[in-house]
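For reference, the structure is listed below as structure tokens.
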């Protein structure tokens, strides 16, 4: 069964600190995505990647970096965490861009204090 | 860029009632997906329906591509249908899904 694993599942970070959220998929999918979810905003696309060693900016990339060192792994990096980045972050994978098969991780709840 | 609007924002049902959820998007797209998010937060794909009508279980989706809208009909609702229903369509040049803000459904026994 398709699997996307996120770590950590929750984290409390200090304002100004560096945070790395990790995502690992065993689906052999080319596409991977990072979304954030805030109350009232649904899911918003931060970064995505369709091939290893390459990432693309989504709709809200400011304050975030992404890294795709291998097909299986996709990280989201907050170099200087801010209060406004408190949210739930979801990673997803898909075999192609058609969106007919998208598998999500369970999410990471990030609280910046 | 692509924008997706969903209505209503929330819906309260008695078990057994039907519901109709709406999704409107700003640009014509060849992709349209409906997702379910459980109260615990997990997201699963319900169905993909870029055009026409599709059924799965008690769910029916109808998408009219040229009018840039899709609907999701839930028949004979059950308490286990409670959660948030998200509509998503293509953005980023067709390389990623862009989501609406969702419709939260609450079904009481």
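Here, each number is a calculation from the coordinates, and none is a lab measurement. For clarity, every value in this text was computed on a predicted model and none was experimentally measured. Glycine gets a Cβ as well: all are built from the backbone with ideal geometry, and neighbour counts include every protein chain shown.
How would B:4, B:107 line up from fewest to most surrounding beta-carbon atoms within 10 angstrom?
In order of increasing Cβ crowding within 10 Å: B:107, B:4.
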- [ ] With both partners inside chain B, how many of the DSSP beta bridges are antiparallel, as a percent to the nearest 5?
- [x] 90
Task: Cβ crowding within 10 Å averaged over residues, with B:72-78, A:44-50 ranked highest first - done: A:44-50, B:72-78
Task: Packing-based exposure ordering (other Cβ within 10 Å, fewest first) of B:81, A:96, A:59 - done: A:96, A:59, B:81
Task: Proxy reagent accessibility, fewest Cβ within 10 Å first, across A:34, B:34 - done: B:34, A:34
